[in-house]
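K.L.:
Before I ask anything, let me first share the structure, which is written out below as structure tokens.
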Amino acid sequence: MKNTKIWLSSPHMGGNEQKYVQQAFDANWVAPLGPNVNLFEEKIQEYLKEDVHVAALSSGTAALHLALILAGVERDDEVICQSMTFSASANPIAYQGAKPVFIDSENTTWNLDPNILEEAIKDRIAKGKKPKAIVAVHLYGMPYQHSEIKEISERYEIPVIEDSAEALGSSYNGKMCGTLGDFSILSFNGNKIITTSGGGALVTKDKEIKDKAVFLATQARDNAPHYQHSHIGYNYRLSNISAGIGCGQMEVLAERVKQRRMIHEFYRELFADFPEIKLMEEPNEKYHSNFWLSTIVFDTFDGYEKREHLRTVLNNDFNIETRPLWKPMHMQPVFEKAAYYGGEVAQELFMKGLCLPSGSNLSEEELERIQNAVKAVL
Ligand SMILES: *Cc1c(COP(=O)(O)O)cnc(C)c1O
């Protein structure tokens, strides 16, 4: 008896996506602009509640790249970046020819440690170069320590690029993630809480920044009857077809957040009987996570071996996908020359942590399979 695979996080359509895609076909708006792109941007703006402007783009990575450009990051500049994250947070720094400076995580949210952040800023300034931007990430949907990081960003006058790729639907102190940075980015890749199959967005409070982002994302065409260019442009706009999927997904986003949070409740009950396993929780009532992924850490000296045991048996014997937490960027071969500030918090999380199946489309039977499998292994 071979069970079907249980995935970490897979696309979950609401039902109306194809209606918007059909409208695009009917009107022949099969292009990287059109009514669905505009409507999708409006729906995101509305959802985020703040007075923000949204530019829908081809990916979260593209949004990060444009955010760095608009923050004025150029060749040989330094950009501070959370080490524990997906490589897409850091790669665009290299696209600009700039240098990432990686920072360790703190233990309550697993995100940028404000104390180490300030220490690093002081040290880089003492060495002769003030960092141009701070890339902070809400990992697995858990908001970073926003008040502390914003205070440092303002004191040293360094803008925050908020990587909210995993945190659409999360909030900090009642404010939606995706509105907390000087520049904010979202992702709609296939495994995120909602998807356009592939896509992203830049969110800003400044209409002029949005207009500049759209200008750069559509090959930087000057206002002329012929093709005239005074800037290097990019092909980063979201297609009207993908945006149609996004319009349908926005109708169910609130429900998706509820469902992911229920999956997290399920894991809280499941792991209550295993004191050496720590389920990632919100540190206090300021933090509201979409729990894009539910995650655990084996809080013992042999946590790595125990984590690997659970991961491999779930995969090999039960056909259940889990995955170690993100491998920190300062440990990645491609960034081995980059500066790093901190200790071993991120490294330890990587060694001992595990992401669990968290999709909003997990059925009762699948949850029961996970429960039985986990209990059998542990
Ligand atoms: C997914 C992700 C991105 C990149 O988004 P894409 O749309 O896949 O380019 C960036 N940062 C983080 C933290 C992510 O999880």
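The values are calculated or read from the model by the stated rules, or taken from the named source; none is laboratory data. Computed from a predicted model, the values in this text were never measured in an experiment. Quick reminder, even Gly has a Cβ in these numbers, built from the backbone with ideal geometry, and neighbours come from all protein chains shown. These accessible areas exclude ligands, DNA and RNA; they are computed on the full protein's heavy atoms, side chains included. Shrake-Rupley method; radii C 1.70, N 1.55, O 1.52, S 1.80 Å.
K.L.:
Check 329, 351 and return the single one that is under 23 Å from the mean Cα position of the chain (by Cα), surrounded by fewer than 22 Cβ atoms within 10 Å (Cβ to Cβ) and not hydroxyl-bearing (Ser, Thr, Tyr). Spell out how you get there, then give the answer.
P.N.:
Details: 329 fails: surrounded by fewer than 22 Cβ atoms within 10 Å (Cβ to Cβ).
The unique qualifying residue is 351.
K.L.:
Let me ask something else. If residue 298 meets every condition in (1) over 19 Å from the mean Cα position of the chain (by Cα); (2) farther than 30 Å from residue 349 by Cβ; (3) touching a residue at least 40 places away in the same chain (Cβ under 8 Å) apart from one, which number is that one?
P.N.:
In the conditions (1) over 19 Å from the mean Cα position of the chain (by Cα); (2) farther than 30 Å from residue 349 by Cβ; (3) touching a residue at least 40 places away in the same chain (Cβ under 8 Å), residue 298 misses (2) alone.
K.L.:
Being closer than 17 Å to residue 358 by Cα and among the small types (Gly, Ala, Ser) is true for just one of 254, 272, 217. Which residue is that? Steps first, please.
P.N.:
Working: 272 fails: closer than 17 Å to residue 358 by Cα; 217 fails: closer than 17 Å to residue 358 by Cα.
Just one listed residue meets the conditions, 254.
Residues checked against (1) free of Cβ contacts under 8 Å to residues at least 24 places away in the same chain; (2) open to solvent by less than 10 Å² (accessible area, probe 1.4 Å):
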{"residue": "276", "(1), (2)": "no, no"}
{"residue": "280", "(1), (2)": "no, no"}
{"residue": "341", "(1), (2)": "no, no"}
{"residue": "358", "(1), (2)": "no, yes"}
{"residue": "361", "(1), (2)": "no, no"}
{"residue": "372", "(1), (2)": "yes, no"}
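K.L.:
Further question on the same structure: Among the residues of segment 90-140, which ones are among the aromatic types (Phe, Trp, Tyr) and free of Cβ contacts under 8 Å to residues at least 60 places away in the same chain?
P.N.:
Restricting attention to segment 90-140, the residues satisfying the condition of being among the aromatic types (Phe, Trp, Tyr) are 95, 102, 110, 140.
95 - this is the single residue of segment 90-140 that is among the aromatic types (Phe, Trp, Tyr) and free of Cβ contacts under 8 Å to residues at least 60 places away in the same chain.
K.L.:
Further question on the same structure: In this structure, does residue 25 turn out to be at pLDDT 95 or above and open to solvent by less than 60 Å² (accessible area, probe 1.4 Å)? I'd like the intermediate steps shown before the answer.
P.N.:
Values: at pLDDT 95 or above: yes; open to solvent by less than 60 Å² (accessible area, probe 1.4 Å): no.
For residue 25, the condition - at pLDDT 95 or above and open to solvent by less than 60 Å² (accessible area, probe 1.4 Å) - is not met.
K.L.:
Taking segment 167-208, which residues are open to solvent by 10 Å² or more (accessible area, probe 1.4 Å) and near the ligand (Cβ under 9 Å from one of its atoms)?
P.N.:
187, 189, 190, 191, 192, 198
For (1) under 22 Å from the mean Cα position of the chain (by Cα); (2) within 16 Å of the ligand (Cβ to nearest atom), each residue gets a yes or a no:
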| position | (1), (2) |
| --- | --- |
| 17 | no, no |
| 45 | yes, no |
| 48 | yes, no |
| 62 | yes, yes |
| 84 | yes, yes |
| 103 | yes, yes |
| 108 | yes, no |
| 112 | yes, yes |
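K.L.:
Would you be able to say whether some residue in segment 67-81 is aliphatic (A, V, I, L, M), in a helix (DSSP H, G or I), within 12 Å of the ligand (Cβ to nearest atom) and in contact (Cβ under 8 Å) with a residue 40 or more places away in the chain?
P.N.:
yes
K.L.:
Go through (1) within 16 Å of the ligand (Cβ to nearest atom); (2) surrounded by fewer than 18 Cβ atoms within 10 Å (Cβ to Cβ) one by one and return the number of the condition residue 229 breaks.
P.N.:
Condition (1) is where residue 229 drops out.
K.L.:
Identify all residues within segment 62-92 that are surrounded by fewer than 23 Cβ atoms within 10 Å (Cβ to Cβ) and not aliphatic (A, V, I, L, M); write none if there are none.
P.N.:
Passing the criteria: 72, 74, 75, 76, 77, 78, 86, 87, 91.
K.L.:
Run down 95, 140, 144 and say which single residue is hydroxyl-bearing (Ser, Thr, Tyr), open to solvent by 20 Å² or more (accessible area, probe 1.4 Å) and within 16 Å of the ligand (Cβ to nearest atom).
P.N.:
Values: 140 fails: open to solvent by 20 Å² or more (accessible area, probe 1.4 Å); 144 fails: open to solvent by 20 Å² or more (accessible area, probe 1.4 Å).
Result of the check over 95, 140, 144: 95.
K.L.:
Any residue at all in segment 59-66 that is in contact (Cβ under 8 Å) with a residue 12 or more places away in the chain and not in a helix (DSSP H, G or I)? Walk me through it before giving the result.
P.N.:
Here is the first cut: in segment 59-66, the ones in contact (Cβ under 8 Å) with a residue 12 or more places away in the chain are 59-66.
From what's left, not in a helix (DSSP H, G or I): 59.
There is at least one residue in segment 59-66 that is in contact (Cβ under 8 Å) with a residue 12 or more places away in the chain and not in a helix (DSSP H, G or I).
K.L.:
Looking for whichever is part of a loop (DSSP other than H, G, I, E, B) and open to solvent by 60 Å² or more (accessible area, probe 1.4 Å) here; the options are 265, 285, 365, 305. Which one fits? I'd like the intermediate steps shown before the answer.
P.N.:
Values: 265 fails: part of a loop (DSSP other than H, G, I, E, B); 365 fails: part of a loop (DSSP other than H, G, I, E, B); 305 fails: part of a loop (DSSP other than H, G, I, E, B).
Exactly one of 265, 285, 365, 305 is part of a loop (DSSP other than H, G, I, E, B) and open to solvent by 60 Å² or more (accessible area, probe 1.4 Å), namely 285.
K.L.:
Given (1) more than 16 Å from the ligand (Cβ to nearest atom); (2) touching a helix residue (DSSP H, G or I) at 6+ places or on another chain (Cβ under 9 Å); (3) open to solvent by 40 Å² or more (accessible area, probe 1.4 Å); (4) in a helix (DSSP H, G or I), identify the lone condition not met by residue 121.
P.N.:
For residue 121, the exception is condition (3).
K.L.:
Follow-up question, since we're still on this one. Going by the structure shown, is residue 162 over 20 Å from residue 86 (Cβ atoms) and of a type in the set (Asp, Glu)? Can you show your working first?
P.N.:
Numbers: over 20 Å from residue 86 (Cβ atoms): no; of a type in the set (Asp, Glu): yes.
Spelling it out, it is not the case that residue 162 is over 20 Å from residue 86 (Cβ atoms) and of a type in the set (Asp, Glu).
K.L.:
Hey, another quick one. Please pick out the residue among 24, 55, 88 that is within 16 Å of the ligand (Cβ to nearest atom), part of a helix (DSSP H, G or I) and of a type in the set (Gly, Ala, Ser). Break it down stepwise before answering.
P.N.:
On the way: 24 fails: within 16 Å of the ligand (Cβ to nearest atom); 55 fails: part of a helix (DSSP H, G or I).
Just a single option satisfies the conditions, and that option is 88.
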